[in-house]
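To start, the structure itself, in structure tokens.
Since every read-out is calculated from the coordinates, none of them should be taken as a lab result. In this text the structure is predicted, and so the values were computed from the model without any measurement. Glycine gets a Cβ as well: all are built from the backbone with ideal geometry, and neighbour counts include every protein chain shown.
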């Protein structure tokens, strides 16, 4: 009875909170909490990554060896861990910003916080193992998982939960780069279809994350306060840089999409990337790592054109290999550093504005790859603290986008999700409800009493029962119906007068529910569930509409699992 009283009490409390939950202020408060979470998560993650890498970068001697001598072997160890993990669990799937897209457009706001933290741990391993991956995408996924968890805790509908998840993308960029406005615009461009419902929460989350990081005293991952003044007569150089960035961005995206189809999902793929990083640590260590440190070093030091060319090509290849082989992380950081190197190649000819070309190159290449031009323009403004960047950077970014669009290359964040869904479309089309439903469900007769159903909820661990009349489906009775019948007060005391009522008095009729046939396809059923407008967690399954014999119960989780969303 303790469990029943607890459920009754929770039901009353949820109803009492409903007016406040329906207000816009409540979502803004949750968005602020989400931004604070993203800010502190970014701080902890950066500190953990720095501590982990510093352990192996130490040059202290241990006998005849130094810690630095052992550094090259770390990627091998990490890749073996990855192979072990991927061989025994279902870690393959959409990650980072791709997981945000999946949660927004496919799973109606469901993003597992538990899995997000596990993948954040894999990302930390990838960074310690010198993988060429960015860190912001996994911070976004974890923040999105936290937003989805908040939605479940407070029983928010899917639209409000999606608002929180969208805000997580803005908070992640703001926390990583110290650029709240760019974070907002990035989320808008990445998730354009949700802008009309999530702009205010995005602003709150982005500002909160940025304030947390700044109050802690943590600097942006790249120092870009090096802008050189640019005259109007030199804008053609930025146009050339835009063309190069657009071409390279299209080539990078296309190569990454092809590599993803070949390597992603293969259990041995992480080992391939680990061996490649191992070789690079021995012969070309500058090509390893997330790219943020290299970006800062390139801006503050001089390098030859050949060195920059090697960096551009080599860094692009190892990044594509790492990310598509299962090393957890994003494209943004490595691409940012490649863009800086691309700009410095032109800067060798125009040395008086090489820093400006490097910054514009980073913005143009990132815009070409991420399909977020406005966010990158604003990002450079926020990180350089000067409005002089607007015209030169805009020229490079706009031309890069126009050149990339000629090749009609898919967005890197959408591509893994599209491939994942297209591979399983045929299997989904073939599945029927009979294959995924719970068979031989417990049913009740309409002449039974409420106390009998209450007993079943405790003994069968079931809260949903088809109601039969002459062995035919006549309706359903759920825990909500029972709670309504017993009219619990805030202290959990129940009205025992209705315990002897017949089930038929409190049954939801056939007209109020959605009935599914056992031979219906899963896709058709999912469509019916979406357009029905009924709050669905369970559905009765019958053999046909003439006999109305109950053959099973369908859970909404079963449908999501069958569709792999």
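Details
- Peptides 292-298, 343-349, 327-333 ranked from most to least packed, by the mean per-residue count of other Cβ atoms within 10 Å: 327-333, 343-349, 292-298.
- Straightening the chain between residue 470 and residue 254 buys 71.6 nm, computed as 0.36 nm per residue apart minus the Cα-Cα spacing.
- Potential extension, residue 225-residue 77 segment - 0.36 nm per residue separation minus Cα distance: 49.5 nm
- The modelled label-to-label distance for the pair residue 439/residue 455, using points 7 Å beyond Cα in the direction of Cβ, is 2.9 nm.
- One chain, two ends: residue 307 and residue 200. Fully extended at 0.36 nm per residue, the span grows by 34.0 nm beyond their Cα-Cα distance.
- Order of 51, 97, 238 - criterion: other Cβ atoms within 10 Å of each residue's Cβ, fewest first: 51, 238, 97
- Placing pseudo-labels 7 Å out from each Cα toward the beta carbon at residue 350 and residue 504 gives an inter-label distance of 8.6 nm.
- Computing FRET efficiency as 1/(1 + (r/R0)^6) for residue 25 and residue 385, where r is the C-beta to C-beta distance and R0 is 41 Å, gives about 0.80.
- 218, 365 arranged by Cβ crowding within 10 Å, fewest neighbours leading: 218, 365
- Approximate spin-label separation residue 543-residue 118, in nm, with each point projected 7 Å along Cα-to-Cβ: 4.1 nm
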